[in-house]
Amino acid sequence: MREVLIIVEREFRERVQTRSFVIGTLLFPVFMIGVMMMSSVAGDAGEQRRIALVDRAPAGLSGVFEQALLASGRAPGPTADGDPAPAGSGAAAAPEDTPPYAIERHGADALIEGLDRRVLEQELDGYVILPADILESGEVVYRARNITNRFVLRDISTAATFALQTRRLGSAGVDPATVRRLMQPVDLNTARVTEAGQAGGDAESTFWVAYILAFLAYFVIAMYGHGVMRSVIQEKVTRISEILVSTVRAAHLMTGKIAGVSGAALLQLAIWAAMVALVVSQSELLQERFGVSGTAVDAMRFEPGLMALLLAFFVLGFLLYAALFAALGAAMSSEQEAQPFQIVLMLPLFVPLLFLGAITNDPEGGITLALVLVPFTAPVAMPMRLAAAPADAGTVALSLALLVLAAAAVAWLAGKIYRVGILATGKRPTARELARWIRAA
């Protein structure tokens with residue numbers, strides 16, 4: 001046991017006492033917070049866009065369209081007096097005294113070639129054509145250099161829909177303002193029901209928390225698992241392993257190496273968890289200064305029992321994959337040889353990320369159940385499942401039991417491969433040779 005503890009301490013110090021560990025520990029949360037804040041202000045908020053409006057529509061319709069487009073980004077729905085204020089958070093969250101769009105009006109005879117040239121020369125961001133048959137076709141033309149900005153597209157579509165509905169309702173003798181007040185959409189207030197009562201954030205915040213948890217599990221297991229493999233290969237190539245196994249049993253060497261690296265990973269996760277706890281404790285400050293939604297902060301609050309489950313799945317998943325990487329490192333003679341196999345080992349962890357939508361949309365579904373019960377996908381799938389909705393105790397217990405059995409079986413096989421492979425050099429072993437190593441060890 002003393003030998004194992006010495007190896008654990010060596011591996012732990014080797015990773016923790018590095019600049020990369022310190023920089024990664026501090027920068028990763030900053031990076032994630034930066035990405036979330038950038039996404040919240042995406043769409044070039046405050047930038048005024050120059051739009052040309054070619055009016056070929058029936059009289060009066062273009063004026064309503066222009067008024068609605070200039071009101072984009074304010075409170076959704078009509079105002080009390082029926083003035084347009086369509087939903088459109090887009091490009092548009094400009095101050096009220098600065099319209100989100102500068103609209104340049106053109107008559108029906110405007111030359112499209114000239115507008116195209118001005119768009120290419122960046123005098124205009126784009127132009128909108130209101131066709132003469134817009135009441136029958138319901139179609140509006142938009143041309144621009146960039147047609148992928150979903151906020152601008154939504155603003156134009158919403159403004160055109162507002163103008164068209166206003167004209168059609170007026171032609172039918174119906175007051176548009178009255179209809180819109182009656183058809184005002186409702187706000188959906190969401191919260192998860194847990195054993196502790198109603199808690200958690202809204203649907204969008206829950207989705208992002210599930211994604212971050214899955215990505216974090218994948219990232220940490222991949223990074224530190226690769227570190228285990230690289231350490232084994234380096235010791236093997238430099239012949240240090242021959243000296244080590246002359247004084248320490250190979251099984252103890254692998255156990256100490258995996259435990260030391262696990263300790264470094266857990267320390268980094270603990271620091272990140274402390275940072276998240278600090279952020280959550282300052283929810284009022286975040287809402288006041290940065291406009292962060294309170295529901296987004298609520299989604300990051302986890303009960304102690306849930307945190308313990310997340311930690312258990314991470315630790316077991318790490319042990320499972322660390323044993324695989326240790327066996328791979330012992331069987332290979334260089335990192336170049338191991339790289340293709342490393343990608344294959346990581347594929348099961350990546351699969352749950354492809355089914356993020358299925359897991360969050362249907363936590364009780366068959367796809368989710370399969371992913372959380374398969375040991376090689378459970379370390380990533382189960383945190384996503386638990387973030388989306390509470391899981392029954394039976395499913396969680398079965399998933400944990402299967403993961404424990406798989407980790408023990410893989411560690412046993414990896415130990416046999418490691419015991420022989422750590423001293424083997426030369427060409428890469430075949431599947432038959434690996435089987436012989438397992439029988440011989």
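All of the numbers you see were taken from the coordinates with simple rules; none came from a lab. Predicted model, so just to flag it, every value in this text is computed and none were measured. Positions of Cβ are generated from backbone atoms using ideal geometry, with glycine treated the same way; all protein chains shown enter the neighbour counts.
At-a-glance table
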{"quantity": "3J(HN,Hα) from dihedral phi, segment 134-151, Karplus parametrisation 6.51/-1.76/1.60, rounded to Hz, x for glycine, proline", "calculated": "4, 5, 8, 7, x, 10, 10, 9, 10, 10, 7, 5, 10, 10, 9, 6, 5, 5"}
{"quantity": "Residues with amide H under 5 Å from that of Arg49, placed H, sequence gap 5 or more", "calculated": "Tyr101, Ala102"}
{"quantity": "Local net charge near Phe318, Cβ-Cβ under 14 Å (Lys/Arg +1, Asp/Glu -1)", "calculated": "+1"}
{"quantity": "Order of Phe376, Phe28 under a 10 Å beta carbon neighbour criterion, fewest first", "calculated": "Phe28, Phe376"}
{"quantity": "Exposure proxy order (Cβ contacts within 10 Å, fewest to most) of Met332, Met382, Met275", "calculated": "Met275, Met332, Met382"}
{"quantity": "Neighbourhood net charge (12 Å Cβ-Cβ; Lys/Arg +1, Asp/Glu -1) for Leu130", "calculated": "-1"}
